Structures are given as structure tokens and as C-alpha cells.
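We did not get these values from a lab; they are worked out from the coordinates using the rules stated. All of these numbers come straight from a predicted model, not from anything done at the bench. We place every Cβ from the backbone using ideal geometry, glycine too, and count neighbours over all the protein chains shown.
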Amino acid sequence: MKAVKYSSDLFARLQALGIQTETVKHAPVFTVEEAQAVRGASEGGAHTKNLFLRDNKRSFFLVTLGEDTAVDLKRLRHLIGAKGGLSFASPDYLFDTLGVRPGSVSLFAAINDASGSVTVVIETALMQAARIHCHPLTNDKTTSIAPDDLMAFLRATGHEPLLIALSDADPLP
């Protein structure tokens, strides 16, 4: 697999698809808290947190949620169809599969999953925002994109996202 290593490659792909984005540079961030501190007052739209997970069968999931969404991995595994336990995948699996390092995980990394081995999962609440903010393969920038354009991008990478409504889900055992 040839990974797209640079934001410029991603931006060229987005442009080729006719997708408009806006990108802001900032200090590198590794956590939601650091991102919130760097941006200060929110510029609107939905900010994300991203989890790269694997189940007991070594199936991989890129789960993107609103930055303030609480996550219960036991409950999440039922919603996304994971087999057995669900845990965080190692940094090596992350790099080998999505071509990014910890702190740079985002929906845009789907561009590097040419084999389609990762299931992309998005919280439906994000899709209600006017703009979704994601790292463009590096954690020193944030790129905003319209939800419909994000879906078009993901589909162009061969990923049909699984949309999950965490707040509306039936209680699970």
C-alpha cells in the first residue's frame, strides 16, 4: 500500500473531487483538551475525537464522534458489529493501516486504507453540523468540511460509513 503521507496529497484529492475545505494551522495537538486550548472559543461546527479500534478477530474500526461524546466500548462493540472485545489498536497497526501516527487520526485517513480493511463509523450527531473539523493527516492543522462533502470523500475512498446514533440507541445488556 502506498500511503498518502502529506496533507498536500489529501488536499489535491479533495480538489479533484470538487470538494471545498478550509484549513487552519496551529501547534501540534494530541488530545481533545489540547485542541480545545489551541482553538480557544469554538469557531462553530462539530469538532471530533477519533478512535482507532480493533476487535478480537483483528477487524479494524475508525470511529469518529463529537469531541464531548462519552464512549462505552462494551456498548459500542454491539452498535458497530465488533466480534468479541473491542480495544484500541496499536500505533503500529494504526500506521500500517491508515498511514498516520497517534494524534493525527481522522476520517481523512481513510484515503490510506486502499484495501478497505477498516470500517468507518461516524456518530450521526456530527452529520447535523454545518461543518465537521478533522485533522488532515497531521495534527498541526484542522480542516473543516461540509458533512455531504465528507461523505462524498469517504465513498470515493471506497468506504461507506456506518452511521450510529449513540443517544438514540436502545439500551444494551
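Key figures
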{"read-out": "DSSP beta bridge pairing in region 33-173, given as percent antiparallel to the nearest 5", "value": "55"}
{"read-out": "Dipole of the chain [Lys/Arg +1, Asp/Glu -1 at C-beta], most positive-end residue of Gly81, Ile164, Thr97", "value": "Thr97"}
{"read-out": "Which listed pairs, of Lys83/Lys141; Lys49/Lys83; Lys49/Lys74, have C-alpha distances above 25 Å, in listed order", "value": "Lys83/Lys141"}
{"read-out": "In region 1-97, chymotrypsin sites (Phe, Trp or Tyr not before Pro) in a DSSP loop with at most 14 other beta-carbon atoms within 10 Å", "value": "Tyr6, Phe30"}
{"read-out": "Fluctuation leader among Pro147, Pro91, Pro136 - the chain, Gaussian network, Cα springs under 10 angstrom", "value": "Pro91"}
{"read-out": "Most mobile of Gly85, Gly158, Gly116 in a GNM of the chain (Cα contacts under 10 Å)", "value": "Gly85"}
{"read-out": "Gaussian network model of the chain, Cα within-10 Å springs - most flexible of Val63, Val24, Val32", "value": "Val24"}
{"read-out": "Cα gyration tensor shape of region 18-173, rounded if a/c is under 1.5, else prolate or oblate by comparing a/b with b/c", "value": "rounded"}
{"read-out": "Residue-averaged [θ]222 nm for the chain, counting only DSSP H segments that reach four residues, each worth -39500 (n - 2.57)", "value": "-7000 deg cm²/dmol"}
